[in-house]
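Working notes, structure below.
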Amino acid sequence: MRRCFTFLLAATFVITASTLSDDKKKKNADPAEIGSRDINKRSLNFYSPEREIALGDELAHEAEITARILRDPLVRGYVKEVADRVARNSDLQTPVRVYIVDSDLIAAFALPGGHFFVTIGLLRETRSEAELAGVVAHEIAHVAARHCTRQMSRTQLWNYLSLPLGFVSGPVAAGVRSGMMLAVPLSFLKFSRNFEREADELGLQYDYASGYDPAAMVDFFERMKAREKEKDHGSIAKVFSSHPMTRDRIVAAEKTIEESLPSRDQYVVTTWRFEEVRQHLHQMEVDRIRAEKIYGPDPLGRKNPSQIGTLFGWPN
């Protein structure tokens, strides 16, 4: 009887979630509604916005002390400008805080509450500001849609339903649930396929609403997908292995651009600021190599990939 009730409750949740998901897709497909819609309405989430922001602050603090953050005002200021522009044209309700990670890995990710991390490797890999904005838009979409805590909530629900009802109660039950909550964030960067598709669609909308060419976002991820097949791709982003850009997702993204984003006569593709930062990063690398020849390797190890990959479980 107990198992039957658990099964029925789980089945009801699946049917309801599916129905709500279909309704949300119809409502959120129009980029003209950005900012005036609630993309998280009726989504399962055990975390209040305040609690989610607190979680993001804690994770960002961990990331900041684990990663090697580049304190360069020119680079950070530029990326902040791009991120702010995208955020203003998104459903995000919190300010964006930008961190530049001194690493050759091609990676970017965002944490709850609007903490956005991007590596020097990614800045060097992007070929235009529109490509950079596309990556930023995708990550901002994950935060705006609250994918981290929504996924954590689903995991907690299924873990709870898998326990015999009434078997654990009182302080022990609270301890079990608390333990699950602590374990789930370790894999929060690897989202479900549905969440990735939603971030693709929303990200393309945000990119488009910000004036950028949304096709650049697809171009960048396609290039990353192609490079995965190369023999030597050690610098390819560990985070992109958590967000695999499959052929189905690329086709769906192209369909979104064709059917949902009206064509414009002009898009922002790149800017002099993008080129300035690229030249600045190149000069920084030249200076580092010259200094190593004279003084030896950097004692702080800034040539090596950041330890941040270990923190978030990216493969070595």
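Figures for the structure shown
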item	result
Protection-proxy order for peptides 217-227, 260-270, 51-61, each taking the mean of Cβ atoms within 10 Å per residue, highest first	217-227, 51-61, 260-270
Radius 12 Å from Cβ of Gly77, net charge of other residues (Lys, Arg +1; Asp, Glu -1)	0
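Rule-based calculations on the coordinates, nothing more; no lab input. These numbers were taken from a predicted model, which means no experiment stands behind them. Here the Cβ is made from the backbone with ideal geometry for all residues, glycine too, and neighbour counts use every protein chain on show.
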